[in-house]
Structure formats: structure tokens, C-alpha cells
1. How large is the accessible surface per residue of the range 1-72, computed with a 1.4 Å probe and reported in Å² as a whole number?
2. What does the charge count near residue 62 come to, summing +1 for each Lys or Arg and -1 for each Asp or Glu among other residues with Cβ under 15 Å from its Cβ?
3. Taking every pair of distinct Cα atoms and averaging 1/r, then inverting, what Kirkwood hydrodynamic radius in Å comes out for the chain?
4. Going by amide H atoms built from the backbone, whose H comes under 5 Å of the H on residue 49, apart from near neighbours?
5. Please list, in order along the range 5-18, the HN-Hα scalar couplings obtained from phi with the Karplus expression 6.51 cos²θ - 1.76 cosθ + 1.60 (θ = phi - 60°), rounded to whole Hz, x for Gly and Pro.
6. How much mean residue ellipticity at 222 nm does the chain get from its helices, if each DSSP H run of length 4 or more adds -39500 (n - 2.57) and you divide by all residues, to the nearest 500 deg cm²/dmol?
7. Quick check on the range 1-49: take the gyration tensor over C-alpha atoms, sort the square-rooted eigenvalues as a ≥ b ≥ c, and tell me if it's rounded (a/c under 1.5), prolate or oblate.
8. Rank these by accessible area, largest first, 1.4 Å probe: 111, 23, 38.
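The values are calculated or read from the model by the stated rules, or taken from the named source; none is laboratory data. Predicted model only: the values in this text are computed from it and were never measured. Glycine gets a Cβ as well: all are built from the backbone with ideal geometry, and neighbour counts include every protein chain shown. Calculation scope for accessible area: heavy atoms of the full protein, side chains included, ligands and nucleic acids excluded. Shrake-Rupley method; radii C 1.70, N 1.55, O 1.52, S 1.80 Å.
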Amino acid sequence: PGVVAAGDVVLLPTPAGPVRTPLWTNALDQGKAAAMTLLVPESGPAYQARPYFWTEQFGLSIKVCGTIPGETSPVVVTGDRAGRALVLQWSSGGVPVAAATVNHRMPVARLRRLATAEPTLSPQ
């Protein structure tokens, strides 16, 4: 009681077991929820992980929506790996569960739809 955590040390329960999400966007959201829980315990919001993050690394701009399953490889929806600009989609059991863009200008709303609602698109 009276202890909260935020950032890289946090493990969140999932159906597949505890998951660590060491991303600065999650750390910010977790920090806000932790502070509210300590300051106003009766009204502190429950932390809800956002299945979205973006980063820029080694000349690549990467955006990811959803939880990438470790057991499957992505399908290239558009673009190509050699050109270093593409859209990827992961499925689990035939259901889309994650999508990512690499150096591609796709609105986040469209990326979220690719990650959750649309059937897997044919590879290009």
C-alpha cells in the first residue's frame, strides 16, 4: 500500500503474462496515473496502456499501433524493405493485432484501423 511505479520498471498484466513497455510515452502516462493515485487515491485514474508509440532511430521514423506478437512475422502492406519506407501489419489467428509505418506518412487513425479492424491486406 502507498507504493506506485512508472516507467521502465513497470510490468503490466496481460493475457500472455506480465509485459514491460519501456517507452517514454508510456512512462509519461504511467507517471501521471501514479501521481494522481498518490495525491488523490480515491479518484486516481486506472492506468490504461496506449497501444501506440513512435520513435526515430538511425534515420528511420517508426510508428507502431497494437501489440506485436512474437510468434508471427509482419506482412508488407505497401512499400518495400529496400526502399526503407513501408507499412507493416501483424495478425494473430487471422485477426490484425498490430501495424507499423517506417518512414511513411500515414495518419495515426488509419494505422490504428490497420492494427485492429481491417482484414490482413495482400502483401505488395
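1. Per residue, the range 1-72 has an accessible area of 70 Å².
2. +3
3. Computed over Cα pairs of the chain, the Kirkwood hydrodynamic radius comes out at 16.0 Å.
4. none
5. Result, rounded to whole Hz: 9, 8, x, 4, 7, 7, 10, 9, x, 9, x, 8, x, x.
6. -6500 deg cm²/dmol
7. prolate
8. 38, 23, 111
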